[in-house]
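**Q** This is the structure I want to talk about, given as structure tokens.
The values are calculated or read from the model by the stated rules, or taken from the named source; none is laboratory data. Please read these numbers as outputs of a predicted model, since none were measured by experiment. Note that each Cβ is placed from the backbone with ideal geometry, even for glycine, and that neighbours are counted across all protein chains shown. These accessible areas exclude ligands, DNA and RNA; they are computed on the full protein's heavy atoms, side chains included. Shrake-Rupley method; radii C 1.70, N 1.55, O 1.52, S 1.80 Å.
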Amino acid sequence: MIKVTLEVITKEIRRVANPLNNKEKNEMKKILFYLTLFTIAFGLMTGCSKDTGNKVYVYNWGEYIDPDVLDSFEEETGIEVVYDEFEQNEEMYPKIKAGAVQYDVVCPSDYMIQKMSDEGLLAEINYDNVPNIKNIDPAYLESSKSFDPENKYSVPYCWGTLGILYNKTMVDGPIDSWGAIFDDKYTGNILMIDSVRDAFGIALSYLGYDLNSTDESQLEEAKELLKQQYPLVQAYVVDQVRDKMIGGEAAIGVIYSGEAIFTQRENPDLEYVVPNEGSNVWIDGWVIPKNCRNKENAEAFINYMCDAKIALKNFEYITYSTPNAAARDMITDEDIKNSKVAFPEQSVLDRCRTYRYLGEDMEALYINKWNEVKSN
Amino acid sequence: MVKKFFSRCYIGIILLFLYAPIAILIVLSFNASKSRAKWGGFTLKWYQELFHNEDIMAALSTTLIIAITSALIATLLGTAAAIAMNSMKKTPRTILLAITNIPMLNADIVTGISLMLIFVALNFTLGFTSVLLAHITFNIPYVILSVMPKLKQLNAHTFEAAQDLGASPVYAFFKVILPDIFPGVLSGFFLAFTMSLDDFVITHFTKGPEINTLSTKIYTEVRKGIKPEIYALSTLMFVTVLLLLIFINRRKADKNTLIRKV
Amino acid sequence: MTVTEKDDHNLKQNKEKKSEHGLQFSRGNQVKWLSFPYLIWMIGFILIPLIMIVYYGLTNGENSFTTANISIIADPINRDALLLALELSIVSTIICLILAYPLAIILNNTKLKSNSFIVLIIILPMWMNFLLRTIAWQNILERTGVLNTILEFLHLPTLNIINTPAAIVLGMVYNFLPFMVLPIYNVLIKIDKDVVNAARDLGANTGQTFRKIILPLSLPGVVSGITMVFVPSLTTFVISTILGGSKIVLIGNVIEQQFRLGNWNTGSGLSLVLMVFILFSMAVISKYDKEGEGSNVW
């Protein structure tokens, strides 16, 4: 079958490579030789610009850090950052577990940190190397205890809520309920989140159940709801939701609070709301896997992230709520400082819950049902 | 006459179908607005940003290095293997050929997964080397299949004659056999190079965090939302390939006129 | 040829018949050593990895034998993914065939001068990066994409093709059409014009000539083309990810997801099923290709 492509390319090669005489043959060989040399040289030049041995392997969510911060970290510490991204906790976890790639510092969410520490995958952080931890608001260290009881394994990085982002000009009126994303009048205009816990969290909350439910009948109900939503959904997305909402390609999207501020800057028609039925409040934190290779570099990296100025810079770029009290004090823009999106009122937080790790079997059940939703 | 008209129409429609998407990519690369469909004015800034984008440039160089290196090594291994297989008896040769065909018959997702499994089993950290090894693996069959037919056509006796005249086997090989099979070797090399350049799936499964080829870089970018630099990149790639093909076509035309003159 | 030349020629032919293929290194089993690097490579990177897939496919997390990973293909999710992939790839292959065959015939009938040029023009998009080609279609088909913008401009209703199976089929056809055109074209140009002329002389009209002469002779090319379109489109996950908005789940997506989530056993089991499936389809298809791999590239 491949002989087909072979034949065509071969014919062309034959025409070029079967020259009339030796002189042309040598010419061809010379051209090839220089071409190869040039390509390798070009490749080496552009590829091997930074070849220090001192590295730190960072595994983080997509669009979750200011690239300038990585550059300044490299300049100030001389440690090269090898940066990789993931979209879901469930996709990050097996990579850490299998150890095929050894990351030094990873940013999982609350329930995933709990799971990983339960399974002994995390190393204890040496806080002597992270003096900037003093900048973190103790309230968040306190709430971290629900998944990291002695704050041994994680340092909070960002926190936020899960909610609806909608385009004022493309919907009937202000939205305040999850019902909007299940409403068929917005068919083809809904961007649903492509994450198993979030999708089920939303469905369970809307149905009035606990978003950490382990009751199979409740999960089945949630699954049915999501299945009904399937034809209404334009696409299941995570990071893409931002650009799509800004571009006006959909009317409603499910989004994390951090993205909301960014999108509102780019498109003032967008509004963010945490629905009445309740939602998820989450904390993402830096952890160091046990099988890491550069633990001290990892701690230096975490320390750098906790620096007030750096945290501020990050906050202004990714607009995710920061648990860094020192950074928050430095925010100059009053709108953002008091933003209900970035720093919601207590009443909003009261109706939000954190995810808990539900155990392997329940996890498998969730993922199974999620697959059933998409298989129509 | 009517037939010719319809033929021309048909080719035209097919060409439109094939090139419309590419044309749109090219147009969008000059679009000042990031929107997919609204024209925001002419600009070259995406091309500038493209060259300043370290990640994409690194991916480009990685792609080229892996393509050339894997094609070279595959050509060496494959040519040697083809020569050896050619002088085997029928049964071992058939078996080897069957196994050689496996990477080509298998869907690339299966090849990629199987290679990842073995790397992990050997505790071999995924990174540049793993991608290189994977590329060599799927390139060798193409080389073998390019060289084998040429070997079959060789005259058995020139090699023996050369040795009779006093040449050592090695010398005879380089002076007698290699020039004759060279077109096969060359096309094997180019085929391997092309397959390696365009590969996505196998690289996707066997790469480490620091490595990105163009294809994997583009894939991650798509998941997040298209950057217009990608359009600039695709335009440049298209123009490069176009020039290359025109160049090859010209050479052939020149040679033809040369023959006619002679 | 003179008489003596003829003798030499016959002698040569006899000798060649004995040696059965071009080059025999009668002096040296040393040549066999040349294949050793490749042998080792082959075992290490082709055979053993396959064995690993079989191993993971037939064991569970505790390394005990199980057929659960294979039978999981019967799970509605996986079964539907496989059936959908099958349906879409068959549709795409048929569409490619319908589009490609006339094109190959037209190309075959054009004059020699522009011949190679047109072939190159058809191949040129194939040389563009595969992902870029697919993204290009995403741009066209998006809700606010080029196609809908044009339709709106003409006051026609907008089409919602993106993220539906139709978009996937479009993507498959676009990506794999050249792979169908080339084999058929290559076989058509090899058909001796004299045979066609002879048929005409004997009174056959165009339809009969096509059915009795051209079609059967072009079958190997058709088979080649079908194989080169069917297998990649059956197993793709890229096209369904980019043009399906994560709504369309094909068997390729299922396998990729299993591996991404760390379920290597399930993923391998499904891969095994897929491999067997492909082998079976190709065996069926190759019944129509009697020439097989033996025909000369040169």
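**Q** Considering only segment A:317-338, state which residues are touching an Asp or Glu at 6+ places or on another chain (Cβ under 8 Å) and open to solvent by 30 Å² or more (accessible area, probe 1.4 Å).
**A** Answer for segment A:317-338, where residues must be touching an Asp or Glu at 6+ places or on another chain (Cβ under 8 Å) and open to solvent by 30 Å² or more (accessible area, probe 1.4 Å): A:317, A:325, A:328.
**Q** Here's another thing I want to ask about it. Could you say which residue among B:51, B:17 is open to solvent by 40 Å² or more (accessible area, probe 1.4 Å), closer than 21 Å to residue C:129 by Cβ and at pLDDT 90 or above?
**A** B:17
To keep it simple, each residue is scored yes or no on (1) within 13 Å of residue A:292 (Cβ to Cβ); (2) within 14 Å of chain C (Cβ to nearest Cβ).
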position	(1), (2)
A:64	no, no
A:75	no, no
A:87	no, yes
A:100	no, yes
A:110	no, no
A:114	no, no
A:126	yes, no
A:130	no, no
A:134	no, no
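**Q** List, please: which pairs have Cβ atoms under 9 Å, are six or more places apart or on different chains, and start with a residue in segment A:148-170 that is among the charged types (D, E, K, R) and end with one that is open to solvent by 10 Å² or more (accessible area, probe 1.4 Å) and in a strand (DSSP E or B)?
**A** Pairs found: A:168/A:271.
**Q** Consider segment B:106-117. How many of its residues are facing chain C (nearest Cβ under 7 Å) and within 14 Å of residue A:99 (Cα to Cα)?
**A** Qualifying residue count, segment B:106-117: 1.
**Q** Looking at the structure I just gave you, is residue A:150 part of a helix (DSSP H, G or I) and either surrounded by fewer than 17 Cβ atoms within 10 Å (Cβ to Cβ) or within 14 Å of another protein chain (Cβ to nearest Cβ) (or both)?
**A** For residue A:150, the condition - part of a helix (DSSP H, G or I) and either surrounded by fewer than 17 Cβ atoms within 10 Å (Cβ to Cβ) or within 14 Å of another protein chain (Cβ to nearest Cβ) (or both) - is not met.
This table checks each residue for (1) in contact (Cβ under 8 Å) with a residue 60 or more places away in the chain; (2) closer than 30 Å to residue A:85 by Cβ; (3) in contact with a helix residue (DSSP H, G or I) (Cβ under 9 Å, 6 or more places away or on another chain).
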residue	(1), (2), (3)
A:184	no, no, yes
A:187	no, no, yes
A:196	yes, yes, yes
A:218	no, no, yes
A:228	no, no, yes
A:236	yes, yes, yes
A:240	no, yes, yes
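**Q** Also, I was wondering about something else. Mind listing whichever residues of segment A:235-256 are in contact with a Ser or Thr (Cβ under 9 Å, 6 or more places away or on another chain) and either in a loop (DSSP other than H, G, I, E, B) or on the phi > 0 side of the Ramachandran plot (or both)?
**A** Matches in segment A:235-256: A:238, A:247, A:248, A:249, A:251.
**Q** Here's another thing I want to ask about it. Taking the criterion of being at pLDDT below 90 and either assigned by TED's automatic domain parsing to the domain that holds residue B:190 or among the β-branched types (Val, Ile, Thr) (or both), would at least one residue in segment B:127-136 satisfy it?
**A** Filtering segment B:127-136 down to residues at pLDDT below 90 leaves B:127.
Now drop any that are not either assigned by TED's automatic domain parsing to the domain that holds residue B:190 or among the β-branched types (Val, Ile, Thr) (or both), which leaves B:127.
Yes, segment B:127-136 contains a residue that is at pLDDT below 90 and either assigned by TED's automatic domain parsing to the domain that holds residue B:190 or among the β-branched types (Val, Ile, Thr) (or both).
**Q** Hey, another quick one. Among the listed residues C:133, C:143, which satisfies the condition of being open to solvent by 30 Å² or more (accessible area, probe 1.4 Å) and either modelled with pLDDT under 90 or in a helix (DSSP H, G or I) (or both)?
**A** Every option except C:143 fails the conditions.
**Q** Continuing with the same structure: Quick check, is residue B:128 surrounded by fewer than 18 Cβ atoms within 10 Å (Cβ to Cβ), over 21 Å from residue C:257 (Cα atoms) and touching a residue at least 40 places away in the same chain (Cβ under 8 Å)? Walk me through it before giving the result.
**A** Numbers: surrounded by fewer than 18 Cβ atoms within 10 Å (Cβ to Cβ): yes; over 21 Å from residue C:257 (Cα atoms): yes; touching a residue at least 40 places away in the same chain (Cβ under 8 Å): yes.
Answer is yes for this residue.
**Q** Also, I was wondering about something else. List every residue pair whose Cβ atoms lie under 7 Å apart, where the two residues are 6 or more positions apart in sequence or sit on different chains, the first residue falls within segment B:101-124 and is on the phi > 0 side of the Ramachandran plot, and the second residue, located anywhere, is of a type in the set (Gly, Ala, Ser).
**A** none
**Q** Answer with yes or no whether residue C:152 is within 7 Å of chain B (Cβ to nearest Cβ), charged (D, E, K, R) and either under 24 Å from residue B:21 (Cα atoms) or open to solvent by 40 Å² or more (accessible area, probe 1.4 Å) (or both).
**A** So residue C:152 does not fit the description; no.
**Q** Any idea which of (1) more than 14 Å from chain A (Cβ to nearest Cβ); (2) open to solvent by 40 Å² or more (accessible area, probe 1.4 Å); (3) at pLDDT 90 or above is the one residue C:83 doesn't satisfy?
**A** (1)
**Q** On to the next question. In segment A:101-141, which residues are open to solvent by 40 Å² or more (accessible area, probe 1.4 Å) and not in a helix (DSSP H, G or I)?
**A** A:102, A:119, A:124, A:126, A:137
**Q** Condition test on residue C:183, is it open to solvent by 30 Å² or more (accessible area, probe 1.4 Å), modelled with pLDDT of 85 or more, assigned to a helix (DSSP H, G or I) and more than 16 Å from residue C:91 (Cα to Cα)?
**A** No: the conditions fail for residue C:183.
**Q** Let me ask something additional. Show the residue pairs that are 6+ apart or on different chains and have beta-carbon atoms under 9 Å apart, the first residue being within segment B:208-222 and under 15 Å from residue C:238 (Cα atoms), the second being aromatic (Phe, Trp, Tyr) and open to solvent by 20 Å² or more (accessible area, probe 1.4 Å).
**A** That search, which allows pairs on different chains as well, returns B:215/C:130.
**Q** Could you check how many residues of segment C:190-216 are surrounded by 16 or more Cβ atoms within 10 Å (Cβ to Cβ) and either touching a residue at least 12 places away in the same chain (Cβ under 8 Å) or in contact with a His (Cβ under 7 Å, 6 or more places away or on another chain) (or both)?
**A** Selection size over segment C:190-216: 5.
**Q** Is there any pair linking a residue in segment C:127-146 that is without any contact (Cβ under 8 Å) to a residue 24 or more places away in the chain and more than 16 Å from residue B:196 (Cβ to Cβ) to one that is of a type in the set (A, V, I, L, M, F, W, C) and assigned to a loop (DSSP other than H, G, I, E, B), with Cβ under 6 Å and at least six apart or on different chains, and which?
**A** C:142/C:162; C:144/B:37; C:145/B:37; C:146/B:37
**Q** Does residue B:196 satisfy being modelled with pLDDT of 90 or more and over 30 Å from residue A:63 (Cβ atoms)? Full working, then the answer.
**A** Details: modelled with pLDDT of 90 or more: yes; over 30 Å from residue A:63 (Cβ atoms): yes.
Yes: the conditions hold for residue B:196.
**Q** Moving on to the next point. Among the numbered criteria (1) closer than 28 Å to residue C:77 by Cα; (2) outside any helix (DSSP H, G or I); (3) open to solvent by less than 60 Å² (accessible area, probe 1.4 Å), which single criterion is violated by residue A:166?
**A** Among (1) closer than 28 Å to residue C:77 by Cα; (2) outside any helix (DSSP H, G or I); (3) open to solvent by less than 60 Å² (accessible area, probe 1.4 Å), residue A:166 violates only (1).
**Q** Here's something else I'd like to know. Does at least one position in segment C:151-168 carry a residue that is of a type in the set (A, V, I, L, M), at pLDDT below 85 and part of a helix (DSSP H, G or I)?
**A** Looking through segment C:151-168, none of the residues is of a type in the set (A, V, I, L, M), at pLDDT below 85 and part of a helix (DSSP H, G or I).
**Q** Hey, among A:295, A:309, A:337, which residue is closer than 30 Å to residue A:101 by Cβ and either over 20 Å from the mean Cα position of the chain (by Cα) or without any contact (Cβ under 8 Å) to a residue 40 or more places away in the chain (or both)? Before you say what the answer is, go through the steps one by one.
**A** Working: A:309 fails: closer than 30 Å to residue A:101 by Cβ; A:337 fails: closer than 30 Å to residue A:101 by Cβ.
Exactly one residue qualifies, and that residue is A:295.
**Q** Would you call residue B:202 at negative phi, modelled with pLDDT of 80 or more and facing another protein chain (nearest Cβ under 9 Å)?
**A** Details: at negative phi: yes; modelled with pLDDT of 80 or more: yes; facing another protein chain (nearest Cβ under 9 Å): no.
In short, no.
**Q** Just give me the residues in segment B:145-156 being at the interface with another protein chain (Cβ under 8 Å from one of its Cβ atoms) and crowded, with 22+ Cβ neighbours inside 10 Å, in sequence order.
**A** Listed by number, the residues that qualify are B:145, B:146, B:150.
**Q** If you go through segment A:339-365, how many residues are open to solvent by 30 Å² or more (accessible area, probe 1.4 Å) and either of a type in the set (A, V, I, L, M, F, W, C) or closer than 21 Å to residue A:162 by Cβ (or both)?
**A** 16
**Q** Moving on to the next point. Can you say whether residue C:158 is within 21 Å of residue B:226 (Cβ to Cβ) and more than 11 Å from chain B (Cβ to nearest Cβ), as far as the supplied structure shows?
**A** yes
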